[in-house]
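**Student:** Here it is, the structure, as structure tokens.
The values are calculated or read from the model by the stated rules, or taken from the named source; none is laboratory data. Predicted model only: the values in this text are computed from it and were never measured. Heads up, the Cβs are rebuilt from the backbone with ideal geometry, glycines too, and the neighbour counts pull from every protein chain shown.
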Amino acid sequence: MECDSCSEPAITHAAYSGVHLCETHFRRSVESRVRKRIREDGLLSERATPEEPETWLVGLSGGKDSVVLTQILHETFAEDPRIELVALTIHEGIDGYRDASLAACLELTDDLGIDHEVVSYAEEYGLEMDDVAAEDPLGMAPCAYCGVFRRDALSRYAEQYGADKLLTGHNLDDEAQTAMMNLLSGDVTQIARHFDASLGSFESREIDDDPFVPRAKPLRDVPEKEVALYAHVRELPTHMAECPHASEAYRGEIQAHLHELEDGHPGTRHSIMAGYEELARLAAEAYRGDGAEMTDCERCGAPTTGGLCRKCELVDAVGGELPSR
């Protein structure tokens, strides 16, 4: 089959659009969608200047999504003095897994010449995820602990480095799964928070009073398989193995159902996100200001709605220890 844009052999067929693309035009397609999302979400503030550039912190895990995001961001803004990229990798303490992905991160950032910081759960919380998963004192899935620790580390270091934006590599599949989980839970306030946290454009989100560094997801229009294919054709250093502790059973069920729907009805993921984003915008406008008032955690000072933040509660539960700051 030939590429629809030239006479070269096609390497992919996007069923949701019906388009066949060769390697060159496939790469251009992915890159143009990421750059369009950057424009539509208003990531590059008009306030950013060569004299006062914005700092964008990228959560770089070494997996395909974060590697592809970092590569495209670098190629887009390498010559733009208004943007400074910093990559942050978090080592959770998972034997035989994170070390390999860290190697991919180091190779990529060395090749691109991007500032790269590495932090670990051992240093930050006095624990490693292998031990947490084995002991599981609260009877939760390992991802439930890890997600809290990861979000805290990303947010705290984004603030420490003076980042203006925190960028993560969530793709279309990730966002469609989250949308379905939120809709099926019936939690409208969570849908509203999702919009202001990372879904809407910076012009439509209410972020001025948000204690956290604003987040963005420039890959959220690109399906997971296309991200993987892009990483392959670009020969980018990636670590493709799945975390040995991954056990988000409910998300896995949603993922399987979405795959079935997409196979039978191409474009389902795009339709879900188009409708969900509009619903989330309406929910955000209706529910802003209705949540619990944010205060400082009694122990670490992180924003929270209670005496202790969730991260400090979990550190206590698993026998970790926060360093003095």
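**Student:** Mind checking which residues of the range 101-124 are of a type outside the set (Gly, Ala, Ser), more than 13 Å from GLN71 (Cα to Cα) and under 18 Å from the mean Cα position of the chain (by Cα)?
**Tutor:** Within the range 101-124, LEU102, HIS116, GLU117, VAL118, VAL119 qualify.
**Student:** Condition first: within 18 Å of ILE38 (Cα to Cα), assigned by TED's automatic domain parsing to the domain that holds GLY126, modelled with pLDDT of 95 or more and crowded, with 22+ Cβ neighbours inside 10 Å. Can you find one or more residues in the range 179-190 that meet it?
**Tutor:** So far as the range 179-190 goes, no, none of its residues is within 18 Å of ILE38 (Cα to Cα), assigned by TED's automatic domain parsing to the domain that holds GLY126, modelled with pLDDT of 95 or more and crowded, with 22+ Cβ neighbours inside 10 Å.
**Student:** May I pose another question? In the range 137-152, is there at least one residue being assigned by TED's automatic domain parsing to the domain that holds SER247, touching a strand residue (DSSP E or B) at 6+ places or on another chain (Cβ under 7 Å) and surrounded by 20 or more Cβ atoms within 10 Å (Cβ to Cβ)? Before the answer, list the steps.
**Tutor:** Pass one, the range 137-152, residues assigned by TED's automatic domain parsing to the domain that holds SER247: 137-152.
Going one step further and asking which of them are touching a strand residue (DSSP E or B) at 6+ places or on another chain (Cβ under 7 Å), we end up with 150.
Then keep just the ones that are surrounded by 20 or more Cβ atoms within 10 Å (Cβ to Cβ); that gives none.
Among the residues of the range 137-152, not one is assigned by TED's automatic domain parsing to the domain that holds SER247, touching a strand residue (DSSP E or B) at 6+ places or on another chain (Cβ under 7 Å) and surrounded by 20 or more Cβ atoms within 10 Å (Cβ to Cβ), which makes the answer no.
**Student:** Then there is this: Quick one: which residue in HIS245, HIS239 is over 13 Å from ASP174 (Cα atoms) and touching an Asp or Glu at 6+ places or on another chain (Cβ under 9 Å)? Break it down into steps so the answer makes sense when it comes.
**Tutor:** Details: HIS239 fails: touching an Asp or Glu at 6+ places or on another chain (Cβ under 9 Å).
So the residue among HIS245, HIS239 that is over 13 Å from ASP174 (Cα atoms) and touching an Asp or Glu at 6+ places or on another chain (Cβ under 9 Å) is HIS245.
**Student:** Please state which one of LEU44, LEU73 is under 20 Å from the mean Cα position of the chain (by Cα), assigned to a loop (DSSP other than H, G, I, E, B) and not small (Gly, Ala, Ser).
**Tutor:** Values: LEU73 fails: assigned to a loop (DSSP other than H, G, I, E, B).
From the options LEU44, LEU73, the qualifying one is LEU44.
**Student:** Here are some conditions: (1) more than 11 Å from PRO218 (Cβ to Cβ); (2) assigned by TED's automatic domain parsing to the domain that holds LEU166. ASP41 meets all but one. Which one does it not meet?
**Tutor:** The one condition ASP41 does not meet is (1).
Every residue, every condition in (1) touching a Leu at 6+ places or on another chain (Cβ under 9 Å); (2) hydroxyl-bearing (Ser, Thr, Tyr), yes or no:
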{"residue": "ARG156", "(1), (2)": "no, no"}
{"residue": "ALA163", "(1), (2)": "yes, no"}
{"residue": "THR168", "(1), (2)": "yes, yes"}
{"residue": "ASP210", "(1), (2)": "no, no"}
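**Student:** Collect the residues in the range 105-132 that are under 29 Å from ALA249 (Cβ atoms), among the hydrophobic types (A, V, I, L, M, F, W, C) and surrounded by fewer than 18 Cβ atoms within 10 Å (Cβ to Cβ), keeping them in residue-number order. If you could, list the steps in order and put the result at the bottom.
**Tutor:** The initial filter retains those residues of the range 105-132 that are under 29 Å from ALA249 (Cβ atoms), namely 105, 119-122, 124-132.
Remaining after also requiring among the hydrophobic types (A, V, I, L, M, F, W, C): 105, 119, 122, 127, 129, 132.
Listed by number, the residues that qualify are VAL119, ALA122.
**Student:** Moving to a separate point now. Cβ-Cβ distance below 7 Å, separation of 6 or more or different chains: which pairs start in the range 79-105 with a residue that is on the phi > 0 side of the Ramachandran plot and assigned by TED's automatic domain parsing to the domain that holds CYS146 and end on one that is in a strand (DSSP E or B) and surrounded by 13 or more Cβ atoms within 10 Å (Cβ to Cβ)?
**Tutor:** From residues that are on the phi > 0 side of the Ramachandran plot and assigned by TED's automatic domain parsing to the domain that holds CYS146, the pairs are GLY93/SER120.
**Student:** Let me ask another. Looking for whichever is free of Cβ contacts under 8 Å to residues at least 24 places away in the same chain and farther than 30 Å from PRO244 by Cα here; the options are GLY162, GLY147, GLY186. Which one fits?
**Tutor:** The conditions single out GLY186.
**Student:** Any residue at all in the range 84-96 that's over 16 Å from the mean Cα position of the chain (by Cα) and within 19 Å of ALA216 (Cβ to Cβ)?
**Tutor:** Yes: the range 84-96 contains one or more residues that are over 16 Å from the mean Cα position of the chain (by Cα) and within 19 Å of ALA216 (Cβ to Cβ).
**Student:** Sticking with this structure for a sec: Check THR49 against each of (1) over 24 Å from TYR157 (Cβ atoms); (2) hydroxyl-bearing (Ser, Thr, Tyr); (3) touching a residue at least 60 places away in the same chain (Cβ under 8 Å) and name the one condition it does not meet.
**Tutor:** Only one criterion is unmet by THR49, namely (3).
Per-residue answers, yes or no, for (1) surrounded by fewer than 16 Cβ atoms within 10 Å (Cβ to Cβ); (2) outside the structural domain of ALA104 (by TED's automatic domain parsing); (3) within 22 Å of the chain's Cα centre (by Cα):
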residue	(1), (2), (3)
GLU242	yes, no, yes
GLU260	yes, no, no
GLY264	yes, no, no
ALA280	no, no, yes
CYS309	no, yes, yes
CYS312	no, yes, no
VAL315	no, yes, no
GLY319	yes, yes, no
LEU322	yes, yes, no
